[in-house]
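The structure under discussion appears below in the form of C-alpha cells.
Taken together, the values in this text are just the output of simple stated rules run on the coordinates, not laboratory data. What you see is a predicted model; the values in this text were computed from it and never measured. Neighbour counts run over all protein chains shown; Cβ positions are idealised from the backbone, glycine included.
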Amino acid sequence: MEQYAIKGGNPLVGEVEIGGAKNAALAILPAAIMSNDTVFIENMPDVSDTNVLLQAMESVGAVVERVDRHSVKINGAKIADVRLDADYISKIRASYYFLGALLGKYKHAEVALPGGCVIGSRPIDLHLKGFRALGAEVKIEHGMVIAHADKLVGAHIYLDTVSVGATINIMFAAALAEGKTVIENAAKEPHVVDVANFLNSMGANIKGAGTDVVRITGVEKLHGSEYAIIPDQIEAGTFMFAAAITKGDVTVKNVIPKHLESTTAKLIEMGCEVEESDDAVRVVANKRLCPTHVKTLPYPGFPTDMQPQITVALAMAEGTSIVTESIFENRFKYVDELAKMGSLIKVEGNSAIITGVERYTGANVTAPDLRAGAALVMACLAAEGFSTVEDIKYIERGYEDFPAKLQSLGAQIDKVETERDLQKFKLKVG
Ligand code: EPZ
C-alpha cells in the first residue's frame, strides 16, 4: 500500500528545480515518431505517464533509446503497426496523440478510446471533427478509434470549445496534409506553443501557435531534431502555492515567469511577496493569506490544473473566497477529502464557496486525481499533526520525485509501503 506519510507544520524554505512540462512531453513524444529520422528530446519529466508513452511507441516498432532520466532518442522509421490497443493505453489520456501522429504520417491509426476520469467525461469529439475536416474517415468500434484517409487535405477548422488536445492533435495531422489548414479558437497554452515549435524544428510549417488562430502549411515529411521541452508551469505553480500555504519562502528555478503570470497575480492578491528573475520566481508568505475570487480559464487565464492548489490555500485564508471551475464539470471531488482536515467549503454547481479556517488538522486522505492529490499533500504539509495520502499513483503520473523535492524544502514527508514503514516514520518525526 504505497502512500505518503506526512508530519505537517514546517514552513517550506529553499530552492527547487522545476522539471520539463508533462503536458508538453505527452504530445512531443508521440510527435517524434512522425519522422523516420532520429529525434533527441531533452528535459523530459521522468514520470509514469511519459514512461508509459515510451513503452507504447516501442510496442508499435519505434526505436527508443533512453539516454538518461530526462532525455531520450526516438526513431519512428521501423514502425510496423498503427494499432495501439493495449489496456494500459486507454489509462493514459494523452495516448490520443498517437491518433494525430499516426494518421498524419501513415494516413491510418487505430488507438483505444481514452476513458473519462474523475474530473469529467473528457470527450474527444473535437479531435475527430478535425480529422474528418482534413478528409479522414473516423469510426469508433469495440472501444477503438479507427481513422483512415486516402489523403489528408488542409481545411478551415473552428473549435467550438478551446481544447488543448484537439488543437495539438489537429496540428499533427495537418502538418503532413496537403495544403493549408487554419485552426480557429485554438488553445494558447505554453505547451501548445512548445509542441508547434518542436514540429517546426522537424521541418513543419506552423504559424500562430499561442494565438487563437493557428495556420499550418502541410509538408511532405518531417526530419530529425534535437529539442528541449519547456519547464512545467503547473509543477512550478504547485510549489509556489505550497510555499504560500506553509508560510514559507520558496524559489522555483528553471521556470519561464511569463507562463506563471496568472498564478503570480493571485498569490500577490492573497498577500504573498513574489520576486521574479529571468528563470526563477520566489514566493514569500509570512502571514495568513487573504481571500480572493478566481475562475479557471484557458491560457492566459488562471489554469484549471492549479484549481485544487489555490482552493486548498484559500481554505486556510481569512474570510470568504469563491473558486469557479469553468473547464471541467467535476473537478471539486477532493473537497470531501479536505473536509476531513477541517476545511469549510460548499460546492454549488461549478463553484466552491470557501470559508477560510485558521488551521487544518492532519488526517488520512485519498488522492482522487493528479492535481487534487498534489493539493491534498500541500494541505497535509500545512496541517497540525500527522497525515497519510493514499492513491499516490495519480500524483506520480505528473510529479517527478515529489516527496524528495518537498523534503529538500524542509517538509517531513516519506513514501511508505508498509505499516512498519509508517511506524518508523512516526517515530522519526516524533
Ligand atoms: C489537457 O487536457 C491537459 N492534459 C489537462 O491537464 C488540462 O487540464 C487541460 O488540457 C486543460 O488545460 C494533457 O495535456 C495531457 P482540453 P485535454 O481538450 O487536452 C472539452 C493535468 O492535470 N473537450 O483542453 O484533454 C473537455 O471536456 C491534466 O495535467 C471537448 O468537449 O483538455 C474540457 O471540458 C488534467 N471535446 C475542455 O474541452 C474535445 O474533443 C478542455 O479540455 C476535447 C475537449
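Points worth noting:
- For the chain, dividing the convex hull volume of the Cα atoms by the residue count gives 126 Å³ per residue.
- The fewest-to-most ranking of I41, I256 by surrounding Cβ atoms within 10 Å reads I256, I41.
- Listed peptides 349-358, 17-26, 125-134, 316-325 by packing density, highest first (mean Cβ within 10 Å): 17-26, 125-134, 316-325, 349-358
- Ranked by the mean number of other Cβ atoms within 10 Å per residue, highest first, peptides 418-430, 215-227, 172-184 order as 172-184, 215-227, 418-430.
- The alpha carbon gyration tensor of region 139-258 gives principal lengths a ≥ b ≥ c with a/c of 1.5 or higher and a/b greater than b/c, which makes the shape prolate.
- Euclidean distance between Cα centres, region 185-217 to region 308-324, Å: 34
- Gyration tensor verdict on region 25-148 (Cα atoms; rounded if a/c is under 1.5, prolate if a/b is larger than b/c, oblate otherwise): oblate
- Between 0 and 90 degrees, the angle of helix 370-382 with respect to the longest Cα principal axis of the chain falls at about 20 degrees.
- Within the chain, percent of DSSP bridges classed antiparallel, to nearest 5: 70
- Using the Cβ of D81 as centre and a radius below 12 Å, the other residues enclosed give a net charge of -1, where K and R count +1 and D and E count -1.
- Hits among lysines - C-alpha to C-alpha of K188 under 22 Å, sequence gap 8 or more where chains match: K22, K129, K180, K207, K258, K266, K295
- Nearest-ten-degree value, helix 97-106 long axis tilted from longest Cα axis of the chain: 20
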